[in-house]
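Here's the structure we're looking at; comments come further down.
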Amino acid sequence: MVAVSNQNAIKGGEFLIRETEAHEIFIPEDFTAEQRMMAQACEDFLNTEIHPKVEEMDNMKNTEFMHKAMQKAGELGLLGITVPEEYSGLNMSFNTSMLIADVLGSGGSFSTAYGAHTGIGTQPIVLYGNEEQKKKYVPKLATGEWLACYCLTEPDAGSDANSGKTKAVLSADGKYYTITGQKMWISNAGFAELFIVFAKIEDDKNLTAFIVEKSFGGITMNEEEKKLGIKGSSTRQVFFNDCKVPVENMLSTRGNGFKIAVNVLNIGRIKLGAGVIGGCKMVTSQALTYSKERKQFKTPIANFGAIKRKLAEMATKIYATESLCYRAGQNIEDNINSLAANGMSDAESKLKGVEQFAVECAIAKVHGSETLDFTVDEGVQIYGGMGFSEEAPMARAYRDARISRIYEGTNEINRMLLVGTIIKRALKGELDIITPAMAVAKELTSVPSFESIDASLLFAEEKSVIKNMKKAILMVAGKAVQNLGEKINDEQEIMMNIADMIIETYAAESVLLRTEKMVGVKGEKACEQQINMSKLYVSEALEKLGTAGKEAVASFTQGDEQKVMLMGLKRYTKLTPVNTKELRRAVADAMIEEGKYCF
């Protein structure tokens, strides 16, 4: 195999210190006809098997519905999108799997069951299993013959997953491990034939992973959890009582379980970011339809400015989530392909490819889940009293959405993880944040330079704003590390402030780059509303960044140092005011005319 070296390939987190051109990113409009056909197949499946049967699906007494729905998805090949062909999969690209997660995201409880099986249920074996394990188990999982669940969380081990107490004891003859312990919040447990189980051997510091068949015995469960939302997905406590697991069913090596958990969750995080998009679009379209039908004061409420504002903000946030998810997804895919071309194995290249972009995965998870929550909340509000009724679709959407900010690592954990990862990489010299941070610090004490901006160029001022947003992050984060040292990890509020600055900057830049690339193909007239949403998003992102920056600066500085930093923050958050009212009305009117989310 010929070695390939892409010197221009971007690294995870490097967007903070590197300017990206529009032609360098992938946008949803770039998907091929084949990929769109696959997405259409998923929509057809939802329209046939899921959407018309949501009441049946969410009836907690009917646990067979989800089992059968997942098996039907397996028959259509939907459970093996990224699984290699030799294990009965379709071997499609990473960004294609993102597209599938996106479309199936409108499936409510089904999307949770699907994500748990194809992600944390199947991928540990695909990525870490030996050849014998892959041949034995992956074809069954890819076709839906068997369904899988992932047993990590325990009553006293949630975010601190490595503190689990489940034990695995080697038998005297060395032929099997006996697993004993309790797991909770296990998705798909009620119908799974295969369990990925994490336990500690003797007094090991780190977990070890095991592939456990239900038929091994020693497995009991509580009744189905009575949950706030995603009622149709199976969620149960699982007890392992002297469950005997053959030694050959250890996954990877002893003590490598925590690494497996972390890396598989990275994949789950970005897939969740994409996986909310379909639901967001569906809720927005439903709210739009209702607003056109519901009349007050003898006119449809869609004609009111307050409703138009809500619809436009819903659309703008969705557009941003979609933009950043597929940008990051393609970065991951390109990295995977580069590593594979340089001789790395398929499984290892996928692991390393995703791990490199752990920061972007966390951003996608946080931004996507919070966009979903915002969208369903506004959906309820647009429906008014009907939104609070189970007779309308908003109540279920509102309940189902709430879990997204919790699983795959809470949003608080993900915020601290993304900042911590950037700091670690900077200190290791893997990401040169220090040099540009020092340049920004020097710039603060110099006379401001007033660069002329060519107003005739699309997004000329907004691009300048993005550069300044990055400077603001470097200024705040750099000074925080300088003043606090290692104690910064204990200052969670400051970490989350910095995270919000990073998330909004990545989202704003992704929106601008996507729209700029579209304009290059279709022209400004055809992309009028995308341009409007881009201007809207940058304006709002800048406000959020400024607020988060002020909170952080006030937390660890005082006196003259604080004054200098606040002045710097003011310098880096300047933007000519835009008429957000008219921009929102234009975006909303376009959707009202189209009758749905149309971007």
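Can you show me the helix-derived [θ] at 222 nm for the chain, built from DSSP H runs with n ≥ 4 at -39,500 (n - 2.57) apiece and divided by the number of residues, rounded to the nearest 500.
-18000 deg cm²/dmol
Which of the listed residues, Ile125, Thr573, Gly74, is farthest toward the dipole's positive end in the chain, when Lys, Arg count +1 and Asp, Glu count -1 at the beta-carbon?
Highest projection toward the positive end goes to Thr573.
Could you derive backbone 3J(HN,Hα) for region 418-428 from the dihedral phi with the Karplus parameters 6.51, -1.76 and 1.60 (θ = phi - 60°), listing whole Hz in sequence and x where the residue is Gly or Pro?
Each residue of region 418-428 in turn: 5, 6, x, 5, 5, 4, 4, 5, 5, 5, 7 Hz.
Tell me, what ³J(HN,Hα) does each residue in region 168-179 have, in order and in whole Hz, if you take phi through Karplus 6.51 cos²θ - 1.76 cosθ + 1.60 with θ = phi - 60° and put x for Gly and Pro?
Residue by residue, region 168-179 yields 10, 10, 6, 5, 4, 8, x, 9, 8, 9, 9, 9 Hz.
Ile201's amide H: which non-local residues (gap 5+, or another chain) put their own amide H closer than 5 Å, with H modeled 1.01 Å from N in plane and none for Pro or chain starts?
Correct list: Ala168, Thr208.
For q values of 0.16, 0.22 Å⁻¹, compute log₁₀ I(q)/I(0) with the Debye formula on a Cα-only model of region 482-574, without solvent.
Ignoring solvent entirely, the Cα scatterers give -0.72, -1.04.
Any idea what the alpha-carbon Rg over 2.2 N^0.38 Å comes to for region 28-146?
1.06
With point charges of +1 on the Cβ of Lys and Arg and -1 on the Cβ of Asp and Glu, referenced to the Cα centre of the chain, which listed residue (Thr547, Gly108, Ser534) lies farthest in the positive direction of the dipole?
Thr547
If you place +1 on the Cβ of every Lys and Arg, -1 on the Cβ of every Asp and Glu, and leave all else neutral, what size is the dipole of region 382-461 about its Cα centre, to the nearest 20 Debye?
Charge dipole of region 382-461: 440 debye, to the nearest 20.
Once amide H atoms are built 1.01 Å from N in the peptide plane, which residues 5 or more positions from Tyr597, or in another chain, come under 5 Å H to H?
It is Ser285, by chain and number.
Tell me the volume per residue, in Å³, of the convex hull enclosing the alpha carbons of the chain.
162
Taking the radius of gyration and the Kirkwood hydrodynamic radius from Cα positions alone, what is the Rg/Rh ratio for region 19-65, to two decimal places?
1.30
Around Cys151, which amide H atoms from residues at least 5 apart in sequence, or from another chain, sit under 5 Å from its own amide H, with H modelled in the peptide plane?
Here Ile196, Val197, Phe198 satisfy the definition.
Could you give the size of the charge dipole of region 150-254 about its Cα centre, using +1 on the Cβ of each K and R and -1 on the Cβ of each D and E, expressed in debye and rounded to the nearest 20?
Roughly 180 debye for region 150-254.
Can you give the Rg to Rh ratio for region 150-254, taking only C-alpha atoms and Rh from Kirkwood? Could you put the intermediate results ahead of the total?
Details: Rg = 13.5 Å, Rh = 13.9 Å.
Rounded to two decimals, Rg/Rh equals 0.97.
Of Lys365/Lys563; Lys72/Lys271; Lys61/Lys295, which ones are farther than 29 Å apart at the Cα?
In this structure, Lys365/Lys563; Lys61/Lys295 lie more than 29 Å apart at Cα.
Please give the length that would be gained between Glu528 and Gln40 if that part of the chain were fully extended, namely 0.36 nm times their separation in residues minus their C-alpha to C-alpha distance (nm, one decimal). Don't skip to the end; give the middle numbers.
Details: separation 488, 0.36 × 488 = 175.68 nm, distance 2.66 nm.
Result for the pair: 173.0 nm of gain on full extension.
How compact and how long is region 309-408, expressed as Rg and Dmax of its alpha-carbon atoms in Å?
Just the Cα atoms of region 309-408 yield Rg and Dmax of 18.1, 60 Å.
What percentages, rounded to whole numbers, describe P(r) for region 141-188 computed over all alpha carbon pairs with 5 Å bin width beginning at zero?
5, 18, 18, 17, 16, 17, 9, 0
How would Glu145, Glu462, Glu516 line up from fewest to most surrounding beta-carbon atoms within 10 angstrom?
Least crowded to most crowded, the residues run Glu145, Glu516, Glu462.
Applying the Karplus parametrisation 6.51 cos²θ - 1.76 cosθ + 1.60 with θ = phi - 60° to the phi angles of region 110-116, what ³J(HN,Hα) value in whole Hz is obtained for each residue in order, glycine and proline being reported as x?
Whole-Hz 3J(HN,Hα) from phi for region 110-116: 4, 5, 5, 4, 4, x, 5.
Quote the charge dipole size of the chain about the Cα centre in Debye, to the nearest 20; the model charges only the Cβ of Lys and Arg (+1) and of Asp and Glu (-1). Before the final figure, lay out each step's value.
Working: 70 positive and 79 negative charges, 184 e Å.
Roughly 880 debye, rounded to the nearest 20.
Given Cα positions, please report Rg to Rh for region 502-541, the hydrodynamic radius being the Kirkwood one. Each step should come with its number before you reach the end.
Details: Rg = 10.1 Å, Rh = 10.1 Å.
That ratio is 1.00, to two decimals.
With respect to the cross-link table entries Lys134/Lys428; Lys467/Lys517; Lys442/Lys467; Lys350/Lys428; Lys517/Lys596, which display a Cα-Cα separation exceeding 26 Å?
Cα-Cα > 26 Å for Lys134/Lys428; rest within.
Here, each number is a calculation from the coordinates, and none is a lab measurement. Please read these numbers as outputs of a predicted model, since none were measured by experiment. Cβ: placed from backbone, ideal geometry, glycine included. Neighbour counts: every protein chain shown.
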